[in-house]
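Following: one structure in structure tokens, then a few remarks.
Since every read-out is calculated from the coordinates, none of them should be taken as a lab result. Not measured: the values here are computed from a predicted model. Positions of Cβ are generated from backbone atoms using ideal geometry, with glycine treated the same way; all protein chains shown enter the neighbour counts.
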Amino acid sequence: LGTLYVVATPIGNLEDLSPRAARVLGEVALVAAEDTRHTSRLLRHLGLSVSMLSLHEHNEAARVEQIDQRLLGGESIALVSDAGTPLISDPGFVLVRELRARGRRIVPVPGACALVAALCASGLPTDRFLFQGFLSPKSGARRQRLKDLASREETLVFYESPHRIRDTLSDIAAELGARRLVLARELTKSFETFLEGDAEALLARMEADPDQTRGEFVIMVAGAEPKESADATSVEAQTLLAALLDE
Ligand code: SAM
């Protein structure tokens, strides 16, 4: 029986491809790629010539059977996306869910992931975070989701594209207020930038320097202030209980 390897690829800097990922890509019979043209550039860079199969959100369900047949035939397969870790705001979930349900061997080959890269250098709390991926492209749905997240105390992490970065920052300003925000742009690339401030301040910064709206973004927002602590409530309850017992 073959193995499905879930292989992370770089998010910009090619040096982030691990030696293990390069070896696995060279050893498998087939690479299932989100965009075969994109991945063929990476394979060429590695000096590899491997057969490829496209696997994207529109054909993923239909590919499951085909890929499973090849695994059953003893071939190993690597799943990759255009950048970073497959399944993280990228295709692959349906395939992995189905193959795991069938008891196939699935092995992760970890590496770059924009969310982790951004968070670990942000200075925002990393002990608990809530990854939201992309918000809706529709403003109404985006605002509603932000409203739903407003009381969460974890660091909030979003992915965003250059087309919508300003709209999303405006909605964050409206729904989450003046919280501390860290914006990671073009991670691992030449123009990697971390900007800090509340959403209004970052919008002003983009207004002044339109270059700051180019590239790919991870938006990280401080969680809500903790609600009145349970300790304070229990002290109150204990005082009340003591008074009642006295009576
Ligand atoms: N699977 C990828 C991962 O592991 O991070 C994410 C794929 S998702 C389709 C693409 C989004 O990830 C971008 O719009 C951006 O929000 C974020 N992203 C990817 N590469 C990035 C980079 N080099 N710098 C900042 N954000 C990045």
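Below, the figures for the structure above:
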{"quantity": "Euclidean distance between Cα centres, the range 177-247 to the range 36-111, Å", "calculated": "36 Å"}
{"quantity": "Lys/Arg +1, Asp/Glu -1 at C-beta; the range 124-211 dipole; positive extreme among GLN144, SER190, ALA173", "calculated": "GLN144"}
{"quantity": "Alpha-carbon radius of gyration plus Dmax, which is the widest Cα pair, for the range 28-157 in Å", "calculated": "17.6, 50"}
{"quantity": "Whole-Hz ³J(HN,Hα) from phi, Karplus 6.51 cos²θ - 1.76 cosθ + 1.60, for the range 129-140, glycine and proline x", "calculated": "9, 10, 8, 9, x, 7, 6, 4, x, 8, 4, x"}
{"quantity": "For the range 95-232: Kirkwood Rh in Å [reciprocal of mean 1/r, alpha carbons]", "calculated": "16.3 Å"}
{"quantity": "The range 33-98: translational diffusion in µm²/s, Stokes-Einstein, Kirkwood Rh over Cα pairs, 10 °C, 1.306 mPa s", "calculated": "128 µm²/s"}
{"quantity": "FRET efficiency estimate (nearest 0.05) - Cβ-Cβ, LYS189 to SER49, R0 25 angstrom", "calculated": "0.40"}
{"quantity": "When the chain is reduced to its Cα atoms, the Kirkwood hydrodynamic radius in Å", "calculated": "20.5 Å"}
{"quantity": "Dipole magnitude of the chain about its Cα centre (Cβ charges: Lys, Arg +1; Asp, Glu -1), debye to nearest 20", "calculated": "1160 debye"}
{"quantity": "Per-residue Cβ neighbour rank within 10 angstrom, fewest leading, VAL157, VAL7, VAL24", "calculated": "VAL24, VAL157, VAL7"}
{"quantity": "Contour minus Cα-Cα distance for ALA61 and LYS147 (0.36 nm per residue)", "calculated": "27.7 nm"}
{"quantity": "Helix-only mean residue ellipticity at 222 nm for the chain, each DSSP H run of n ≥ 4 adding -39500 (n - 2.57), per residue, nearest 500", "calculated": "-12000 deg cm²/dmol"}
{"quantity": "Net charge dipole size for the range 54-173 [Lys, Arg +1 and Asp, Glu -1 on Cβ; Debye, nearest 20]", "calculated": "220 debye"}
{"quantity": "Coil-residue GluC sites (Glu not before Pro) of the range 54-161, DSSP, other Cβ within 10 Å capped at 12", "calculated": "GLU57"}
{"quantity": "Neighbour cut-off at most 13 other Cβ (10 Å), DSSP loop, chymotrypsin sites (Phe, Trp or Tyr not before Pro), the range 129-226", "calculated": "PHE191"}
